[in-house]
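Notes follow the structure.
The values are calculated or read from the model by the stated rules, or taken from the named source; none is laboratory data. Owing to the predicted nature of the structure, the values given are computational and were not obtained by experimental measurement. Every residue, glycine as well, gets a Cβ built from its backbone with ideal geometry; the counts of neighbours run over all protein chains shown. Just so you know, the surface numbers come from the protein's heavy atoms only, side chains and all, with ligands and any DNA or RNA stripped out. Shrake-Rupley method; radii C 1.70, N 1.55, O 1.52, S 1.80 Å.
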Amino acid sequence: MSDYTAHNLSVIKVGLKEFAEREAKKEVVRRMRIIAGKMIDLIDRVFSDASEQFPEWTANLHDATGIGIYVDGHLDKYMPVQRASTAQQSRSGEDVWGTTELSEALTKASTTFAKGLWLVMFSAVDYAEQIEEIGSPKDRGRSFFTALCEYLGMDVKEQFGTAIVGMSGPITSFAR
């Protein structure tokens, strides 16, 4: 390979990388924001007293379920409209507010999702996993998060033309 060819190849690589950072990343983030907005609309619409799939007792599970979009460490929070008017008892007996739990979890996760582009769905109260696995004391909500993940997968496919790769269940719990 001649010196000119190697130089030209290097210039093309730099240009493509700059284009991806500048233009392609903006488009991906724009589509992620559409998905996050649709998911929050869905969460606000489907959680209710009458729903078997999406339970609402004090509304704190609803308030604690939302989306974080992380773009190289910058966080955009997508949170449902707060409905809870009373705190929920945590497993340890503390009063918890879903909105506060979600906001704190989204912020604390910024270090975990500090590089690249991430769209992460949270249900941040400590009893969310129990509701997901066995249901609420009113025997509702089993697999509520799994159902939301299925909707999320459909939205990703609609926006990007592909399914989610590498989606997994609870990643970690972030210490208070």
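Just need a number here: residues in segment 59-75 that are under 12 Å from M121 (Cα atoms) and not β-branched (V, I, T).
Count: 4.
Which of the following residues is touching a Ser or Thr at 6+ places or on another chain (Cβ under 9 Å), in contact (Cβ under 8 Å) with a residue 60 or more places away in the chain and among the hydrophobic types (A, V, I, L, M, F, W, C): L119, L42, L61?
The unique qualifying residue is L61.
Does I134 fit the bill of being touching a Leu at 6+ places or on another chain (Cβ under 6 Å), at pLDDT 90 or above and among the hydrophobic types (A, V, I, L, M, F, W, C)? Walk me through how you get there before you give the answer.
Numbers: touching a Leu at 6+ places or on another chain (Cβ under 6 Å): no; at pLDDT 90 or above: yes; among the hydrophobic types (A, V, I, L, M, F, W, C): yes.
Judged against the criteria, I134 is not a match.
Let me spell it out: the conditions are (1) modelled with pLDDT of 95 or more; (2) open to solvent by less than 10 Å² (accessible area, probe 1.4 Å), and F47 meets all of them except one. Which number is the exception?
(1)
Mind listing just one residue for me: the one in segment 1-32 that is among the basic types (K, R) and open to solvent by less than 80 Å² (accessible area, probe 1.4 Å) and, of those, modelled with the highest pLDDT?
Looking at the filtered set, the residue picked out is R31.
Taking the options L119, L102, name whichever one is modelled with pLDDT of 90 or more and under 15 Å from R33 (Cα atoms).
None of the other options fit; the residue is L119.
Keeping to segment 129-162, report how many residues are in contact with a Lys or Arg (Cβ under 9 Å, 6 or more places away or on another chain) and not in a helix (DSSP H, G or I).
Residues that pass the stated criteria total 2.
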